[in-house]
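Have a look at the structure below before the remarks.
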There are 2 protein chains.
Amino acid sequence: MYTLIGNPKNRSFRALWALEELGLAYEINAADPRSEAMLAVNPTGKSPAMVDAEYPDQAITDSAAIVQYLADKHRELSYSAGTIERAQQDAMLHFVNDEFDSVLWMNAKHKFAYPKEYRRDGVIDGVMYELARSMAVLEDRLAQQSYLMGERFTVPDIVLGHCIGWLKSSKLDWPETGPLNDYARRLTSREAYLRAAEIRKGYLV
Amino acid sequence: MYTLIGNPKNRSFRALWALEELGLAYEINAADPRSEAMLAVNPTGKSPAMVDAEYPDQAITDSAAIVQYLADKHRELSYSAGTIERAQQDAMLHFVNDEFDSVLWMNAKHKFAYPKEYRRDGVIDGVMYELARSMAVLEDRLAQQSYLMGERFTVPDIVLGHCIGWLKSSKLDWPETGPLNDYARRLTSREAYLRAAEIRKGYLV
């Protein structure tokens, strides 16, 4: 039994999607970032956190760490640690985090997330320059395979799938045709994704 | 046998440090980011990459993925995948990547790494605001333990140790006393760090 702490409208969705992919039993405590419930389990106040009932006093923070933990524990969605395939998968996870999550987050910081005195105009230009370059790398990769790691759906697909939704909801440029768009459709057609997305609808931003 | 591809003056240092911690045999090809040699193994051109002679055609990219691969393969510097301790360790690694590496990198992008037309003035203010907040979280944590994960030196310590050096060489504010500074001294007193730092001296920026 797992308790997901975080609102599925934010990065918590990644953990929700993984729980659905793995068919695990869970409940949701839709605490907001920096709320009392979130600060109690994560000193940074960032969403999400997750509690595994086997270790009730050791909440896990960070969406990617949560998804990877579930994948390793239940032996699905991931190659095994110490293999060359896992090294490639981890590299892809960090690529997605660095080139999509962090870049989208830089945009969000300067648009609304930072206190006003730290926001700067025009940061979006560098953001779009970076995203275009990273999307070109992925277009090449996904022209030849169904998922980031080949034909197997793994942890970085969940993180990138969430980032693509974030990118689209931020109204940033997105290629409406081609391998990356086909990949996005493939992700959002998965049964577990559809279940998680349906659950997400029940929560407010 | 391992071949580290990248200049030890950049993030490649993390892999070099890990190789020294583990006492492994390696050689260095100090290729620059976006050089022909780097693009041949990493389509993004980012440093470092590493080749494990067991898998000569499958270069590993991303410094954190390389360090974690070495740790898992040689069963040191890391908790085992699927354990609650590894989940905490991964969360700490992502925290360091998100709150130090990405923030320092955002600063570098707007100072020199972006083409001129994308650089914006004053991004440093948000960078300093974020770093101060993250350093406060670490001061609390490191007041009670020697390393990020307790008394055991693990993968995220290597990444943070490198980021602290980067922060200092960027001339950003650093607390010259207290738990975080003590921690930094502990890291840079390690024999493997000292050996790696000595090797780094032989390379140009």
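The values are calculated or read from the model by the stated rules, or taken from the named source; none is laboratory data. Only a predicted model underlies this, so the values are computations on that prediction, with no experimental measurement involved. Using ideal geometry, Cβ is built from the backbone for each residue, glycine included, and neighbour counts are taken over all protein chains shown. When the accessible area is computed, the model is the full protein with side chains, heavy atoms only, and any ligands, DNA or RNA have been set aside. Shrake-Rupley method; radii C 1.70, N 1.55, O 1.52, S 1.80 Å.
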Item to check | Qualifying position, being closer than 23 Å to A:LEU138 by Cβ, modelled with pLDDT under 95 and not aliphatic (A, V, I, L, M), among B:PRO33, B:PRO48 | outcome: B:PRO33
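Could you run through the range A:172-197 and say how many residues are of a type in the set (Ser, Thr, Tyr) and without any contact (Cβ under 8 Å) to a residue 40 or more places away in the chain?
Number of matching residues: 3.
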Next on the checklist: Which pairs turn up if I take residues in the range A:120-141 that are in the same structural domain as A:TRP174 (by TED's automatic domain parsing) and look for partners that are open to solvent by 50 Å² or more (accessible area, probe 1.4 Å) and at pLDDT below 95 with beta carbon separation below 6 Å, at least 6 apart in sequence or on another chain?
Outcome noted: A:VAL137/B:PRO43
Checklist entry - Looking at the range B:106-127, which of its residues are facing chain A (nearest Cβ under 8 Å) and under 16 Å from the mean Cα position of the chain (by Cα)? => result B:MET106
Checklist entry - Considering only residues of the range B:133-152 that are of a type in the set (Asp, Glu) and either more than 8 Å from chain A (Cβ to nearest Cβ) or in contact with a strand residue (DSSP E or B) (Cβ under 9 Å, 6 or more places away or on another chain) (or both), which is surrounded by the fewest Cβ atoms within 10 Å (Cβ to Cβ)? => result B:GLU151
Next on the checklist: Can you go through B:ALA25, B:ALA59, B:ALA40, B:ALA65 and tell me which one is at pLDDT 95 or above, farther than 13 Å from A:ALA91 by Cβ and aliphatic (A, V, I, L, M)?
Outcome noted: B:ALA25
Checklist entry - Does the range A:144-154 contain at least one residue that is modelled with pLDDT under 95 and farther than 24 Å from A:VAL41 by Cα? => result yes
Checklist entry - Does B:ASP57 satisfy being open to solvent by 20 Å² or more (accessible area, probe 1.4 Å) and more than 7 Å from chain A (Cβ to nearest Cβ)? => result yes
Next on the checklist: Whether any residue in the range B:64-71 is farther than 29 Å from B:GLY178 by Cβ and without any contact (Cβ under 8 Å) to a residue 40 or more places away in the chain is what I want to check.
Outcome noted: yes
Item to check | Check on B:GLU130, more than 7 Å from chain A (Cβ to nearest Cβ), surrounded by fewer than 16 Cβ atoms within 10 Å (Cβ to Cβ) and among the acidic types (Asp, Glu) | outcome: no
Checklist outcome for this item: Inside the range B:61-86, the number of residues satisfying the requirement of being farther than 20 Å from B:GLY161 by Cα and either basic (Lys, Arg) or facing chain A (nearest Cβ under 8 Å) (or both) is 6
Item to check | Residues being open to solvent by 10 Å² or more (accessible area, probe 1.4 Å) and either farther than 24 Å from A:ARG75 by Cβ or among the charged types (D, E, K, R) (or both) - total across the range A:32-54 | outcome: 15
Checklist entry - What strands (runs of 3 or more DSSP E) lie completely within the range A:1-93 and have 3 or more residues being of a type outside the set (A, V, I, L, M)? => result A:26-29
Checklist outcome for this item: Subset of the range A:78-100, residues open to solvent by 10 Å² or more (accessible area, probe 1.4 Å) and of a type in the set (D, E, K, R), comes to A:GLU85, A:ASP90, A:ASP98, A:GLU99
